[in-house]
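Everything below concerns the one structure shown next.
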Amino acid sequence: MGNLKKITALLFIIIFLISLATILFVIFRMQPKTITVPDDYPTIQAAIANASAGDTVFVKRGTYNGEIIINKPLSLIGEDANGTIINGRYELYYPRPWGWNTVTIGASDVLISGFTITNCEHAVAINPYSGSLNTHNLSRIRIIGNNIENSHMGIFEPSGGLRIRDHNVYISANNFTNLLGGLSLTSSDSIISNNIFSANEAGLSIVGGDNVTISFNSIESTSQGITLALASNTFVFDNNITGSVADLSGYYGYGFSFATNCNNSLIFDNNIWGNTYGIALGIAESRGFGSSIYGNNLFDNTENANVSGTVILETIVSWDNGTMGNYWGDYLSKYPNAAEIDSSGIWNTPYIIEENNADNYPLIRQVNIPMVTATPKPNSVLIENWFQPLIIIIVIVAVVVVVLLLFRSHRKNKQTE
């Protein structure tokens, strides 16, 4: 009888260990892996082709040429943004539906960080129309801590009436320099924050995206700072916008502009100075409703606010929120006899922009808004996968406990015999 118990216990342990080995094998097989370029594969595209969903492609310092297509969820990480260079192809209007894209994102759950991307027609294209890519809506795309420079377009997402909108795009801590267009995005539920746009023809534009947050960006020396078109429920705050100058025909040169059909958006707590036009309505036909502009510092612009073009009756933009308006640098030159209302910090005379647009609660003092002056440093983007190692530890502890219990039970049975 004692031998039968021993054999039964031994068989149980063997079966348990085999099951455990199988579980651990599956878990380890599921663990994302890191593929290094050029150690494992000589090119970035070859590494992507041999990666599985969830893997990381780590690229060492150096210059890499050629087109990169990301068609699966993965992280593409450069060793150093200043020393890991993706050199593109500048063949303007290459005969493809949307031109020549150096880095094409054609999958959800993609991270790109730590590169200089240069000499491109489109440096990064998100979900362009292409027969070789899945053109369903994408989500959870992160572009963090890159230098995007010397190209026709920086980050480009095509727009179109029948296009399915992408969503949850996060663009942060990038430097956009010497581009015809810095960023053009159509994705909804997205965030654009802590980027620097400098010496570009156009800074950033949202065309058709809803629920987009644009915050803590520095936009310098462009002809078009921030443009909203066909965008609703957009929040623009804590940005510094300066140096937008009109072209010879008098177009553009605005820090911020509502283009067409922009609804229910808030523009607040921005420094907008040193532009031809601080805020412009009607650069294109402008329609929309429910948007408010308040708490901004508008000063040293040729015109702090401009309403021109075809602005039709549907245009409803409030230049205050009912209690607070904006700081206007030229206020006293227009209204030298104005006085403060009961120590409220509000002037007693509205700031008139034109007959249908006025700030009824102009601010006496500037709003304290942080100035973005230094190149932002990206946060850590390599998120440690702690969940699977935790499972392994729990399983190992459970094995030890079971073995000890079996051993103890065996000793007790032996003593009883």
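For the range 353-370, the criterion of being in contact with a helix residue (DSSP H, G or I) (Cβ under 9 Å, 6 or more places away or on another chain), over 28 Å from VAL207 (Cβ atoms), at pLDDT 95 or above and not in a loop (DSSP other than H, G, I, E, B) is met by at least one residue. Here ASN168 meets each of (1) part of a loop (DSSP other than H, G, I, E, B); (2) in contact with a Lys or Arg (Cβ under 7 Å, 6 or more places away or on another chain) with one exception, condition (1).
ASN261 falls short on exactly one of the conditions (1) surrounded by fewer than 20 Cβ atoms within 10 Å (Cβ to Cβ); (2) in a strand (DSSP E or B); (3) at pLDDT below 95, and that condition is (2). Just one of the numbered conditions (1) within 29 Å of PHE197 (Cβ to Cβ); (2) at pLDDT 95 or above; (3) not basic (Lys, Arg) is not true of THR373: (2). Do we find that ASN174 is out of contact with any Gly (no Cβ under 9 Å at 6 or more places or on another chain), closer than 20 Å to LEU111 by Cα and surrounded by 20 or more Cβ atoms within 10 Å (Cβ to Cβ) in this structure? No.
Within the range 226-254, the set of residues being modelled with pLDDT of 95 or more, part of a strand (DSSP E or B) and surrounded by 21 or more Cβ atoms within 10 Å (Cβ to Cβ) comprises ILE226, VAL236, ASN240, ILE241.
Among the residues of the range 209-225, what is the count of those that are out of contact with any Gly (no Cβ under 7 Å at 6 or more places or on another chain), buried (at least 21 other Cβ atoms within 10 Å of the Cβ) and either basic (Lys, Arg) or not in a strand (DSSP E or B) (or both)? Explain how you work it out, then say what you get.
Here is the first cut: in the range 209-225, the ones out of contact with any Gly (no Cβ under 7 Å at 6 or more places or on another chain) are 209-218.
Then keep just the ones that are buried (at least 21 other Cβ atoms within 10 Å of the Cβ); that gives 209, 212, 214, 217-218.
Filter once more, keeping what is either basic (Lys, Arg) or not in a strand (DSSP E or B) (or both): 209, 217.
Residues meeting the conditions: 2.
In the range 52-70, the residues that are farther than 24 Å from SER139 by Cβ reach residues that are outside any strand (DSSP E or B) and among the polar types (S, T, N, Q) with C-beta atoms within less than 8 angstrom, at least six apart or across chains, in these pairs: TYR64/THR43; GLY66/THR43; GLY66/GLN45.
Consider the range 79-91 and keep the residues that are within 20 Å of ILE48 (Cβ to Cβ) and touching a residue at least 60 places away in the same chain (Cβ under 8 Å). The one that is surrounded by the most Cβ atoms within 10 Å (Cβ to Cβ) is GLY88.
The values are calculated or read from the model by the stated rules, or taken from the named source; none is laboratory data. In this text the structure is predicted, and so the values were computed from the model without any measurement. Quick reminder, even Gly has a Cβ in these numbers, built from the backbone with ideal geometry, and neighbours come from all protein chains shown.
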